[in-house]
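Read through the structure below, which is laid out as structure tokens, and then see the notes.
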Amino acid sequence: MTAIFIDADACPVKAEIYRVAERYELRVFVVSNSYINVPRDPRIERVVVSDGFDAADDWIVERAGPGDIVVTADIPLADRSLKKGAAAIGSTGIAFTASSIGMAMANRELMSNLRAMGEITGGPKPMSARDRSRFLSTLDETIQKLKRKGG
């Protein structure tokens, strides 16, 4: 059965995930380095990991696999999840795929270098209503695809 793993520390679409998971009766793991409020629902499990580097990512990758969905803005985590056979979706609704992850990793490296040189300052754009809508659509499409595959 499909489970959704949320890289939750900075995830802006947790409420949307909870609603979709309830509709499909899916298990959700909310993984973070600190306590995060989650709905009282037996299918939603809060997982607090140590604050070690990549502890949440490691926990998710150890457990996610084919038929599961990982929601993250962390491109290396998306890459690791895809290699384990899980689907990976960014919080703005961009689905990471085997054919797109290489470019996403290269772009991440480029942006990191530009930030280190002071060429780019500031973080990502704020979440828009369009991003939320795209996320919901992508999550629903991914669940439907996994259901057709028997996930």
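None of the figures in this text is laboratory data; all of them are computed from the coordinates on show. What you see is a predicted model; the values in this text were computed from it and never measured. Note: ideal-geometry Cβ built from the backbone for every residue, glycine included; neighbour counts use all protein chains shown.
Would you check if S34 is over 13 Å from the mean Cα position of the chain (by Cα), over 20 Å from R134 (Cβ atoms) and hydroxyl-bearing (S, T, Y)? Taking the combined requirement at face value, the residue satisfies it.
Select, from A3, A21, the only residue that is hydrophobic (A, V, I, L, M, F, W, C), touching an Asp or Glu at 6+ places or on another chain (Cβ under 6 Å) and buried (at least 20 other Cβ atoms within 10 Å of the Cβ).
On the way: A21 fails: touching an Asp or Glu at 6+ places or on another chain (Cβ under 6 Å).
Criteria check complete, one pass: A3.
Every residue in region 21-53 that is assigned to a strand (DSSP E or B) and either of a type in the set (F, W, Y) or touching a Leu at 6+ places or on another chain (Cβ under 6 Å) (or both), please.
Taking region 21-53 first, the residues assigned to a strand (DSSP E or B) are 27-32, 44-48.
Correct list: F29 only.
Within region 61-97, restricting attention to residues that are among the small types (G, A, S) and in a strand (DSSP E or B), which residue is surrounded by the most Cβ atoms within 10 Å (Cβ to Cβ)? Looking at the filtered set, the residue picked out is A88.
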